[in-house]
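Chemist: I'd like to ask some things about the structure below.
The values are calculated or read from the model by the stated rules, or taken from the named source; none is laboratory data. A quick note: this is a predicted structure, and the numbers were derived from the prediction, not measured. Backbone-built Cβ (ideal geometry, glycine too); neighbour counts: all protein chains shown.
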Amino acid sequence: MKPSNLPISAAIPSGPNSEDLLVLESVQTYISQFHILQGISMTIKRGAATVLLGRNGAGKTTTLKSIMGLTPPRQGTISYDGQPLTGKTTFEIARCGIGYVPEDRGIFRDLTSEENLLLAARGEKPADYRRRLEFCLELFPDMKRFMRQKAGTLSGGQQQMVAISRGLMTDNKLLLIDEPSKGLAPIVVKAVIDTLVRLKEHITILLVEQNFTMASTVGDYFYLIDDGHNITDGPMAQLIGDKELTRQYLGVTVK
Amino acid sequence: MKVAQRTNPYAPLRDPRLLTLLSVVVGLLLILLYINTAIKFPVFVKFLINGLVESAVLFLMASGLSLIFGLMDVVNFAHGAVFTWGGIAFMWSFNLFTMPAATGKDSSNPVAWMQLGLDPLPATALALLLGLITGGLLGAGVEFLAIRRLYGRPVFQILLTLGLVLVLDESLKIVFSLKAQSYDFLATPWPTGNFKPNSEILVNWKSVAIVVAGLLVFAGVYWLLNRTKVGLVIRGGVEDSQMVQALGYNVKVYFFWVFVLGSVLAALGGIAYSINSAGGSDQMGQLSLLTAFVVVVIGGLGSFSGAAVGALLVGIISPFVAYHFPGLADSFVMILLVLVLLVRPQGLFGGKKY
């Protein structure tokens, strides 16, 4: 449960703000006429796991979708690795090196697990594909058993393995993961937590999560939003210590 | 991450027993028809050959529709118009290519340069290319200018493509200056001649060419959809286009090319049709479109192999039905559709998205 120290590797590229991988500045997003994000600002540190917390309907999923350009923000700027993402389409944003694991996993049910991964490995050379696949199979040894099975017939946990692996099939630097615990049995949630903790060593993670155990175990930093506004943010330890805040906004009691 | 393997909660979508039953019924029907025609054995073979050719033409028409309607869920009534355009463009340019070079006042004709006096073989090849390009350009224009904005909105697609049918059918008459409803070849396009496997059976080489074209198209598109990365993007994009975009693919570009491919196949269907029946009319597309829609639905929406099986089923059985029950010749396709949908509402291979 203890938040780890920042595992930023020594090999940080030089440049202004090179510690910040993703920066959102007062992002405002509308879905049809509804004003969902009313000025969200965030800074995602390279090499760390940041957790986005908030009640249902706070705008967590919309924040991720705004980053991916699926619900393009109307105002505000988003920049990734020093370059602006604003105005880019979803596929261009993905090509910048952002992997997306949506809510409900978004796997292709009619394709086999292997085809899901092949599709995710956009433009990878066969050797790179094998290397990345090996990494994923090491992360999820169980996946070997259902590589040739239609992904629609897999259990929720198995689908989650495929969905996370998909984000690792290209040279992504950032992985956006939306509620990986949703609809999974507690024992499976625990397995997902272990995986994400291991994954943190390799890739920067922005995690949306309602499950406080997962959020506090995986996250190094947190952002708390409500009604499309920032409430507070800081190192994870600070949130774990603040019983009033967690009770008020997350409805959980931390013993 | 350890997760216990659950037994698969979804049984396979296809029930093999139903398919077996259906093939047995169809087989029995064929045997019955055979016994009926057996007194005249060559008649049976002739019917089979005619049925195969008809299946191939039907399949070429239905294959494009299977991509556009079955896979991408675009209700495209203009598909028949593209079929007609492809066929007429083929015949028209073939006729011009085989004409001797224009002289005198004829040479003021803007298309006089196309009168090359070619032999049937090169003229057919060139005209084939031109017909396919016509189909491709029409498809590209329709997708780029209109359908692109209407994905996932079937009512608007129906309204738009029904309007397009009127525009395309009328402009066809202007572009190719059609005077009458029917249009004929001025010379016989390649391939000509027959081959005789038996003293009583005569097969046109053109029939063979059409069947081979159908087989090649089936193999090619099946390979594209199931064995290539492009096919993966298309199959994934049909299921969840946003997620495919989030993996870094420009789905619009892929959908555009699928639509163009579907339209090229429609034009090829029109060309095969016009060669097979040695001519065509400005209505040939609309007449075949309904049958093609039925073939796609019988095969199962979204299943390319299904469209092939549907075309075979309709194409091979219909000559027999027309022979034994002339009254049912036209309604037979609909009866078959009702029968199939009663047994399998999702079509023969439906529920399998490619």
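Chemist: Sort through B:Ile68, B:Ile88 and tell me the only one that's farther than 19 Å from B:Leu128 by Cβ, in contact with a Gly (Cβ under 8 Å, 6 or more places away or on another chain) and modelled with pLDDT of 90 or more.
Modeler: When all the criteria are applied, what remains is B:Ile68.
Chemist: Which numbered condition trips up B:Leu216, out of (1) surrounded by fewer than 15 Cβ atoms within 10 Å (Cβ to Cβ); (2) assigned to a helix (DSSP H, G or I); (3) touching a residue at least 24 places away in the same chain (Cβ under 8 Å)?
Modeler: B:Leu216 satisfies every listed condition except (3).
Chemist: Going through segment B:130-149 one residue at a time, which ones are without any contact (Cβ under 8 Å) to a residue 12 or more places away in the chain and either within 19 Å of the chain's Cα centre (by Cα) or not in a helix (DSSP H, G or I) (or both)?
Modeler: Once the filter is applied, which keeps residues that are without any contact (Cβ under 8 Å) to a residue 12 or more places away in the chain and either within 19 Å of the chain's Cα centre (by Cα) or not in a helix (DSSP H, G or I) (or both), segment B:130-149 yields B:Ile133, B:Leu137.
Chemist: Take segment B:185-200 and flag every residue that is surrounded by 15 or more Cβ atoms within 10 Å (Cβ to Cβ) and modelled with pLDDT under 85.
Modeler: Selection gives B:Trp190, B:Pro191.
Chemist: Quick check on segment A:147-170: of everything there that is out of contact with any Phe, Trp or Tyr (no Cβ under 7 Å at 6 or more places or on another chain) and more than 11 Å from every other protein chain (Cβ to nearest Cβ), which residue is nearest to A:Leu207 (Cα to Cα)?
Modeler: So, considering only residues that are out of contact with any Phe, Trp or Tyr (no Cβ under 7 Å at 6 or more places or on another chain) and more than 11 Å from every other protein chain (Cβ to nearest Cβ), the one nearest to A:Leu207 (Cα to Cα) is A:Val162.
Chemist: Restricting attention to segment A:97-109, does a residue exist that is over 21 Å from A:Ile177 (Cα atoms) and more than 8 Å from every other protein chain (Cβ to nearest Cβ)?
Modeler: Checking segment A:97-109: not a single residue is over 21 Å from A:Ile177 (Cα atoms) and more than 8 Å from every other protein chain (Cβ to nearest Cβ).
Chemist: Taking the residues in segment B:97-123 that are β-branched (Val, Ile, Thr) and in contact with a Leu (Cβ under 9 Å, 6 or more places away or on another chain) as candidates, determine which candidate is surrounded by the most Cβ atoms within 10 Å (Cβ to Cβ).
Modeler: B:Thr98
Chemist: Can you name the residue in segment A:110-146 that is within 11 Å of another protein chain (Cβ to nearest Cβ) and of a type in the set (A, V, I, L, M) and is also farthest from A:Leu199 (Cα to Cα) among such residues?
Modeler: Result: A:Leu111.
Chemist: Only one of these is of a type outside the set (Lys, Arg) and within 14 Å of chain A (Cβ to nearest Cβ): B:Asp169, B:Asp184, B:Asp240. Name it.
Modeler: B:Asp240
Chemist: Can I ask one more? B:Thr192 - would you say it is among the hydroxyl-bearing types (Ser, Thr, Tyr), in contact with a Pro (Cβ under 9 Å, 6 or more places away or on another chain) and over 23 Å from B:Gln283 (Cα atoms)?
Modeler: Criteria met by B:Thr192.
Chemist: Take segment A:213-249 and flag every residue that is surrounded by 16 or more Cβ atoms within 10 Å (Cβ to Cβ), under 23 Å from A:Leu37 (Cβ atoms) and not aliphatic (A, V, I, L, M).
Modeler: If the condition is that a residue be surrounded by 16 or more Cβ atoms within 10 Å (Cβ to Cβ), under 23 Å from A:Leu37 (Cβ atoms) and not aliphatic (A, V, I, L, M), then A:Gly219, A:Tyr221, A:Phe222, A:Tyr223, A:Asp226, A:Gly228, A:Asn230, A:Asp233, A:Thr246, A:Tyr249 are the ones that fit.
Chemist: Please find, within segment A:48-89, the residue that is nearest to the other protein chains (Cβ to nearest Cβ) out of those that are in contact with a Lys or Arg (Cβ under 8 Å, 6 or more places away or on another chain) and of a type outside the set (A, V, I, L, M, F, W, C).
Modeler: A:Gly69
Chemist: When residues of segment A:191-212 are filtered for being surrounded by 18 or more Cβ atoms within 10 Å (Cβ to Cβ) and of a type in the set (Lys, Arg), how many remain?
Modeler: Total meeting the criteria: 1.
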